[in-house]
1. Place a label point 7 angstrom from the Cα of residue 166 along the Cα-to-Cβ direction, then list the residues of the range 115-159 whose backbone nitrogen is under 19 Å away.
2. Which lysines does residue 10 reach when only Cα atoms under 16 Å apart count, and residues fewer than 8 places away in its own chain are ignored?
3. Give the residues of the range 194-210 whose amide nitrogen is closer than 20 Å to a point set 7 Å from the Cα of residue 156 in the direction of its Cβ.
4. Provide the FRET efficiency to the nearest 0.05 for the residue 41-residue 177 pair, computing r from the beta carbons and using R0 = 35 Å.
5. Using only Cα atoms, find the angle between the long axis of helix 179-195 and the longest principal axis of the chain, and express it within 0 to 90 degrees, rounded to the nearest 10.
6. Under the Kirkwood approximation applied to all pairs of distinct alpha-carbon atoms, what is the hydrodynamic radius of the range 1-94 in Å?
7. For an R0 of 45 angstrom, estimate the FRET efficiency from the Cβ-Cβ distance between residue 209 and residue 53 and round to the nearest 0.05.
8. Quick one: P(r) of the chain from all Cα-Cα pairs, 10 Å bins, percents rounded to integers, in order of increasing distance.
Amino acid sequence: MNIKLDLIYKRLYRYFGPQHWWPAKTVFEVMVGAILTQNTSWNNVKKAIDNLKKKKFLEPSRLYRLSHKRLALFIKPAGYYNIKAKRLKEFLSFLFKSYKGNLRTMTREDTQELREKLLSVNGIGQETADSILLYALKKPVFVVDAYTKRILWRHRFIKEDSHYEEIQNLFMKNLKKDVRLFNEYHALLVKLGKDFCLKRKPKCDICPLK
């Protein structure tokens, strides 16, 4: 299995090249983006983040003090803005109560313990928690999303009803636990899913994995 997964990675990397994901300048920006990107496109998330940047609110303490109403207004382009404003507030509350708003302190915590704490925050599911761990905090945790599941199922690595942990373990147990590898691999799968392995009318005839 590890040979097959390694081959897929190499073929995708040769075809697409490095993806430079996550597109953010700070650790906190990645965290905010991971929450905002739920159920929307990255272009919409970027608009919301740009709104926060223009007003200089993309900083833990400033966003923590911002009212729910104003926060919702700024992130409106990301969709479900009232729900996402609440989720951001829940995360910020966790960040300040558990780590006094210090991201370095948060980073030093054991990966599994931190993952469990993140999952206990209202509105943060497995994909969001793992995105924060991998892309923001540089923890070797593989992120699973709809693209990952679709690609693996169509290539018969998993069953259609496979759950998150099962898919994640496929990578975690068969690949070297390396942040850069997990980062690039997931980003390449997302690229493949968006460009070729479409939900409807997939471009199988010209797929890089053909």
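1. Only 126-127, 142-159 fall inside the zone, counting backbone N under 19 Å.
2. Straight-distance partners of residue 10: 176, 191, 210.
3. 197-198, 202-210
4. 0.70
5. So the helix axis and the longest Cα principal axis differ by about 70 degrees.
6. 14.6
7. The calculated FRET efficiency here is 0.75.
8. Cα pair-distance distribution for the chain, in percent: 8, 34, 34, 19, 5, 0.
Values quoted throughout were computed directly from the atomic coordinates according to the rules given, and no laboratory measurement underlies them. Remember, predicted model here, so these are calculated numbers, not experimental data. When we count neighbours, we look across all protein chains shown, and the Cβ atoms used for this are built from the backbone with ideal geometry, even at glycine.
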